Amino acid sequence: MPDQRYRVSEAAALLGVSDDTVRRWGAGGRLDLQGEAGAKTVSGLQLAALAKELAEGSGRAELGDLPPASARNRMRGIVTKLTLDTVMAQVDVQAGPFRIVSLISREAADELALEVGSVVVASVKATNVGIEGVHSV
């Protein structure tokens, strides 16, 4: 199976950085950009390794001094909407570019003193995660 290649703009979108950052990483040797000046590409394998490295590094910094947990998918974010009723609470969290919606008990929401603007960590632990193939960014 051949290694897929991504244009600078596609790589930037996948990594959540600017095109200029990808170009600087190429000039500095962090990424091996190949091709002509206006059509540089990066290896999918190299891009995946860098994405993992960036996620691991930023994840530790964003989560601060939280104790270890079994859930590996932990994202720091801010509560953007809170819908409360007598039994349940819907908590909308914006974690970077990702919107996460959680349904928790009203009691838990009250104990956490949640309100719009609260900084929280959303933990995702699922036995079923759907994956869709995307052919271009």
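The values are calculated or read from the model by the stated rules, or taken from the named source; none is laboratory data. Being a predicted model, the structure only gives us computed values, none of them experimental. So basically every Cβ, Gly included, is an ideal-geometry build from the backbone, and we count neighbours across all protein chains shown. All accessible areas refer to the heavy atoms of the entire protein, side chains included, with ligands and DNA or RNA removed. Shrake-Rupley method; radii C 1.70, N 1.55, O 1.52, S 1.80 Å.
Residue 40: which lysines have alpha carbons under 27 Å from its alpha carbon, excluding same-chain residues fewer than 8 sequence positions away?
Of all the lysines, those that pass the test against residue 40 - Cα under 27 Å, at least 8 places apart if same chain - are 52.
Note the full-extension length gain between residue 20 and residue 80 as 0.36 nm times their separation in residues minus their Cα-Cα distance, in nm to one decimal. Intermediate results must be reported in sequence, preceding the final value.
Values: separation 60, 0.36 × 60 = 21.60 nm, distance 3.05 nm.
So the extension gain works out to 18.6 nm.
Between residue 13 and residue 123, what FRET efficiency comes out of the Förster formula 1/(1 + (r/R0)^6) with R0 = 35 Å and r the beta carbon distance, rounded to 0.05? Please report the intermediate quantities before stating the final value.
Values: r = 26 Å, r/R0 = 0.74.
FRET efficiency, residue 123 to residue 13: 0.85.
Going from most exposed to least, what order do 91, 101 have by accessible area with a 1.4 Å probe?
Values: 91 10, 101 70 Å².
From most exposed to least exposed: 101, 91.
If you rank 9, 123 by how much accessible surface each has, with a 1.4 Å probe, what is the order from largest down?
Values: 9 50, 123 70 Å².
Most to least solvent-accessible, the answer reads 123, 9.
What FRET efficiency comes out for the pair residue 49/residue 90, r = Cβ-Cβ distance, R0 = 41 Å, nearest 0.05? Please list the in-between numbers first.
Numbers: r = 37 Å, r/R0 = 0.91.
My answer for the efficiency is 0.65.
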